[in-house]
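Everything below concerns the one structure shown next.
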Amino acid sequence: MAVQFQSAVKAIAGACLVVMANHGVAAIAAERGGVEDKIEYCQICHGQAGQGYHGYLTMPRLAGQQSAYLESQLRDYADGRRVNAVMSNVARGVSPSMYGAIAAHFPALNPPPLDGGAGGNAALGRTIFANGLPESNVPACSACHGPDGHGTGQIPRLAGQVPSYLVRTLSNWSQERGRASAGGLSAIMVPTTHNMTAAQIAAVAAYVGSLR
Ligand code: HEC
Ligand code: HEC
């Protein structure tokens with residue numbers, strides 16, 4: 001009887017272990033599948049290699065982007081600190097616990113810039129990027145975004161970014177990212193965006209969009 005009872009307990013305990021193990025595997029598989037599924041979802045709009053899309057609805061490039069920056073933007077969209085109806089829905093549809101894993105997918109991607117080389121006044125753009133416009137209090141972009149425009153941490157990569165996205169972003173900064181005025185990182189860019197003319201914005205967008 002005692003032996004029978006013991007082996008029954010062992011059998012039950014064994015069955016529990018199997019169930020728990022299966023659960024663990026299932027949970028991990030679901031989580032992996034979840035992140036991969038979400039990345040496929042991102043690719044529908046941002047391109048297979050995260051290269052972005054230049055068209056009626058411009059999609060920014062995510063390829064090569066700093067993961068800390070990507071993660072911070074997903075949080076900002078979800079919390080309404082960055083205003084965009086499409087991306088707010090996307091970010092709110094993804095568990096914040098997955099943001100890091102999703103963001104980690106993009107830095108290693110390295111497709112060539114979408115529009116090939118620089119169009120527009122890339123010479124003026126290069127000057128603004130490297131030296132700023134001292135007469136209008138525009139700082140050198142390279143001081144923060146790096147001499148190669150690759151960014152670091154929460155300072156985004158600009159190299160290879162779709163120029164039409166850059167123009168729109170720089171022209172609408174206060175409307176789309178103005179809610180970060182409470183000391184958020186977005187505030188750093190406010191004077192820069194206000195002090196550039198449309199022609200200067202187009203020039204710097206063309207230049208950084210051509211960087212690799
Ligand atoms: C339905 C199309 C669509 C899908 C799906 C989508 N995005 Fe976006 N995404 C956009 C658009 C449009 C923008 C530009 C929004 C703006 O200007 O603020 C954008 C912007 C972004 C930005 C800001 C880029 C930058 O340089 O600041 C990030 C980060 C981003 N998306 C990440 C993702 C991730 C991660 C996914 C998948 C979980 C995803 N997106 C899925 C359309 C989409
Ligand atoms: C003092 C540091 C600093 C300088 C100088 C600076 N930036 Fe930025 N920039 C930032 C930070 C930080 C962010 C991220 C803001 C956020 O998270 O909303 C940013 C964001 C941007 C973005 C948004 C990128 C995206 O993918 O949406 C663009 C475009 C940009 N900067 C262009 C420029 C240009 C062009 C110049 C030079 C004229 C410049 N920046 C100078 C710090 C700087």
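The values are calculated or read from the model by the stated rules, or taken from the named source; none is laboratory data. Source: prediction; values computed, not measured. Backbone-built Cβ (ideal geometry, glycine too); neighbour counts: all protein chains shown.
Quick notes
- Answer residue from the stretch 40-74, given it is more than 9 Å from ligand 1 (Cβ to nearest atom) and polar (S, T, N, Q) and is farthest from PRO156 (Cα to Cα) among those: GLN48
- Residue match in the stretch 75-89 (condition: touching a Gly at 6+ places or on another chain (Cβ under 9 Å), within 12 Å of ligand 2 (Cβ to nearest atom) and among the hydrophobic types (A, V, I, L, M, F, W, C)): yes
- Whether a residue is modelled with pLDDT under 95 and charged (D, E, K, R) was assessed, and ARG126 does not pass this test.
- Total residues in the stretch 80-96, condition part of a loop (DSSP other than H, G, I, E, B), more than 9 Å from ligand 1 (Cβ to nearest atom) and exposed (fewer than 14 other Cβ atoms within 10 Å of the Cβ): 2
- Failed criterion for ALA123 (all others in (1) farther than 28 Å from GLY100 by Cβ; (2) in contact with a Cys (Cβ under 8 Å, 6 or more places away or on another chain); (3) surrounded by fewer than 20 Cβ atoms within 10 Å (Cβ to Cβ); (4) of a type in the set (A, V, I, L, M, F, W, C) hold): (2)
- Flag if TYR77 is over 24 Å from GLY209 (Cβ atoms), of a type outside the set (Val, Ile, Thr), within 8 Å of ligand 1 (Cβ to nearest atom) and in a helix (DSSP H, G or I): no
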